[in-house]
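The values are calculated or read from the model by the stated rules, or taken from the named source; none is laboratory data. Keep in mind the model is a prediction, meaning the values are calculated, not measured. With ideal geometry, Cβ positions are generated from the backbone for all residues, glycine too; neighbour counts draw on all protein chains shown. Please note that ligands, DNA and RNA were not included when accessible areas were found on the heavy atoms of the full protein model with its side chains. Shrake-Rupley method; radii C 1.70, N 1.55, O 1.52, S 1.80 Å.
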Amino acid sequence: MNALAATNRNFKLAARLLGLDSKLEKSLLIPFREIKVECTIPKDDGSLASFVGFRVQHDNARGPMKGGIRYHPEVEPDEVNALAQLMTWKTAVANIPYGGAKGGIGCNPSDLSISELERLTRVFTQKIHDLIGVHTDVPAPDMGTGPQTMAWILDEYSKFHGYSPAVVTGKPIDLGGSLGRDAATGRGVLFGTEALLREYGKSIAGQRVVVQGFGNVGSWAAHLISEQGGIIVAVSDITGAIKNKNGLDIPRLLEHVKENRGVKGFSGGDAIDADSILVEDCDILIPAALGGVINRDNAGDIKAKFIIEAANHPTDPEGDEILAKKGVVVLPDIYANSGGVTVSYFEWVQNIQGFMWDEEKVNAELKTYMNRGFKDVKEMCSSHNCHFRMGAFSLAVNRVARATLLRGWEA
């Protein structure tokens, strides 16, 4: 089942659990707007190259739409639709005043020079500048993009609309980016994990943790969890996987990754088959890489008691059912990895106010939001006698449905 089908399935189950009217259910599922534009740029050698840019704006009942822009050669429309919809539910679970969006350009950033990427970003912004905005749709970085991409979008947008730092988040600090944004998703994973373990009378200290994916989110999650006494027994990335049953030295591993661009070859652990990382013996499994990695083929072999979904859609519905039967507790992506969009909201607020926060305030506010979000999801689980994923989806769908009805938008 692909990401869109799985997301639609979870939405429909939540809608039925809530007893939503079928017309309202249908209107909540249909994207507000889908944008597709041609972006033609001169390359450094003087030739012209054309790329397709897109933006799916899913829902704006609760506020401006929010979501990343990715640069990737295989941009799949269904996946983008699913991720835009997931952003609607994620912002609703976090209870921040946003809807969902997603977009990007079908290109391979590694094949383009910095100046070509800048020209491409500026042309894309010229094509969509009237459809994004501080109170309309606020892009952010995603796969293949980063703070520099956001800086180019900010500058190009400001040529048409005046200086508008709040039009994008994930910017460089010097252009109004927020302190704490780089670690935000990983820190949110830490706070979510702490909240979940408290429910079971446990703490992170002494828990054996496996992290699949050692990019921004996975590496920050591993670093912060190890600081709290968690034992990171195995990690993996695209270069390979390593294991140390006594715990990996995370500061040393981070230095190794910085120097060697991957975990492969780290002397403080034994190399293992990357495909086996998900079924390693541990207390907590954190999938922080691709979607669909936990499925019917491997869910039965997973030994973890808790799964914290740091990636988007890492567990497919068949895998979910197998895990539920085994009694594995899954903290769903729309809550577990919402730290990033929550701190993006803080950045937007700081830009609008023209008043920047220190990092301690950012982290303290994030902890408050993550703890409140967990409490809200748990209450929904108790009310509807369901697991965490359905509790989170039901909470999100209920909040968006209420906003839609209050605004008089029902079909």
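Restricting segment 272-287 to residues that are over 21 Å from the mean Cα position of the chain (by Cα) and not in a helix (DSSP H, G or I) leaves a set whose member that is surrounded by the fewest Cβ atoms within 10 Å (Cβ to Cβ) is 273. Hey, could you check segment 262-304 for residues that are basic (Lys, Arg) and in contact with a Gly (Cβ under 8 Å, 6 or more places away or on another chain) and say which is nearest to residue 331 (Cα to Cα)? Residue satisfying both the conditions and the ranking: 296. In summary, residue 130 fulfils each of the numbered conditions (1) assigned to a helix (DSSP H, G or I); (2) open to solvent by 30 Å² or more (accessible area, probe 1.4 Å); (3) not aliphatic (A, V, I, L, M) with the single exception of condition (1). Set side by side, the residues 259, 255 differ, and just one is of a type in the set (Asp, Glu) and modelled with pLDDT of 95 or more, which is 255. The condition of being within 18 Å of residue 313 (Cα to Cα) and touching a strand residue (DSSP E or B) at 6+ places or on another chain (Cβ under 7 Å) holds for only one of 94, 61, 101, that being 101.
The single condition among (1) under 22 Å from residue 373 (Cα atoms); (2) of a type in the set (Ser, Thr, Tyr); (3) surrounded by fewer than 24 Cβ atoms within 10 Å (Cβ to Cβ) that residue 158 does not satisfy is (1). Look at (1) of a type in the set (Asp, Glu); (2) touching a residue at least 24 places away in the same chain (Cβ under 8 Å); (3) open to solvent by 20 Å² or more (accessible area, probe 1.4 Å) and you find that residue 309 fails only one, number (3). For residue 40, the conditions (1) farther than 23 Å from residue 171 by Cβ; (2) in contact with a helix residue (DSSP H, G or I) (Cβ under 6 Å, 6 or more places away or on another chain) all hold with the exception of (2).
Out of all the residues in segment 240-250, is one or more open to solvent by 10 Å² or more (accessible area, probe 1.4 Å), touching a residue at least 12 places away in the same chain (Cβ under 8 Å) and within 24 Å of residue 360 (Cα to Cα)? No, segment 240-250 contains no residue that is open to solvent by 10 Å² or more (accessible area, probe 1.4 Å), touching a residue at least 12 places away in the same chain (Cβ under 8 Å) and within 24 Å of residue 360 (Cα to Cα).
In segment 329-362, the residue that is farthest from the chain's Cα centre (by Cα) out of those that are surrounded by 20 or more Cβ atoms within 10 Å (Cβ to Cβ) and in a loop (DSSP other than H, G, I, E, B) is 332. Of the residues in segment 87-110, none is in a helix (DSSP H, G or I), under 16 Å from residue 54 (Cβ atoms) and open to solvent by less than 10 Å² (accessible area, probe 1.4 Å). Scanning segment 393-408 for residues that are open to solvent by 10 Å² or more (accessible area, probe 1.4 Å) and closer than 13 Å to residue 376 by Cα yields a count of 3. Per the conditions (1) farther than 26 Å from residue 299 by Cα; (2) open to solvent by 60 Å² or more (accessible area, probe 1.4 Å); (3) modelled with pLDDT under 95, the sole criterion not satisfied by residue 179 is (3).
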